[in-house]
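Let me begin by presenting the structure, written as structure tokens, before commenting on it.
FYI, it's all coordinate maths here, none of it is from the lab. All values derive from a computational prediction rather than experimental measurement. Backbone-built Cβ (ideal geometry, glycine too); neighbour counts: all protein chains shown.
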Ligand SMILES: C[C@H](O)[C@H](O)[C@H]1CNC2=NC(N)=NC(=O)C2=N1
């Protein structure tokens with residue numbers, strides 16, 4: 001099974017394909033704690049990470065931000081005391097692309113470096 005967290009985001013254009021239901025069924029088990037939610041009429045991947053304080057949450061946020069900038073694919077990040085809500089979707093196609101699944105898996109890897117609760 002291809003490991004999502006090891007994959008690299010592909011360039012994404014307006015006409016890139018959304019991820020298929022078959023691919024979602026295959027790949028979702030690698031990111032079990034992520035939910036697929038509908039927001040503003042678009043499917044998004046969303047997960048809340050919990051931390052023991054604000055600065056740890058902020059540090060996690062920055063690390064995810066660095067990964068995003070390097071990958072050229074950017075999440076919505078909501079940093080609060082003790083928690084960060086991360087959402088991934090692909091603006092250019094108004095929904096989910098394989099890149100979002102790759103970045104969700106990479107986000108889980110970043111979280112492994114932190115003490116979460
Ligand atoms: C030109 C630039 O690469 C694009 O605008 C990228 C930037 N980061 C992005 N991030 C996300 N999540 N979706 C996009 O469609 C997207 N587009």
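Key figures for this structure:
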quantity	calculated
Principal-axis tilt of helix 98-112 within the chain, Cα atoms, nearest 10 degrees	20
Extended-chain gain in nm, criterion 0.36 nm per residue less alpha-carbon gap, residue 18 and residue 3	3.5 nm
Estimated inter-spin distance, residue 37 and residue 76, nm [label 7 Å along Cα→Cβ]	0.8
For the range 18-112: relative contact order, % (alpha-carbon pairs under 8 angstrom, 6 or more apart)	33
Structure-based [θ]222 nm, the chain - -39500 (n - 2.57) summed over DSSP H runs of at least 4, per residue, nearest 500	-11000 deg cm²/dmol
Expected-Rg normalisation [2.2 N^0.38 Å, Cα atoms] applied to the chain	1.02
Nearest 10 degrees, 0 to 90: helix 54-71 Cα axis against the chain principal axis	30
Calculated FRET efficiency for the pair residue 91/residue 63, C-beta based, R₀ 22 Å, to 0.05	0.50
Max mean-square fluctuation residue, GNM over the chain, Cα-Cα springs under 10 Å, options 34, 89, 81	81
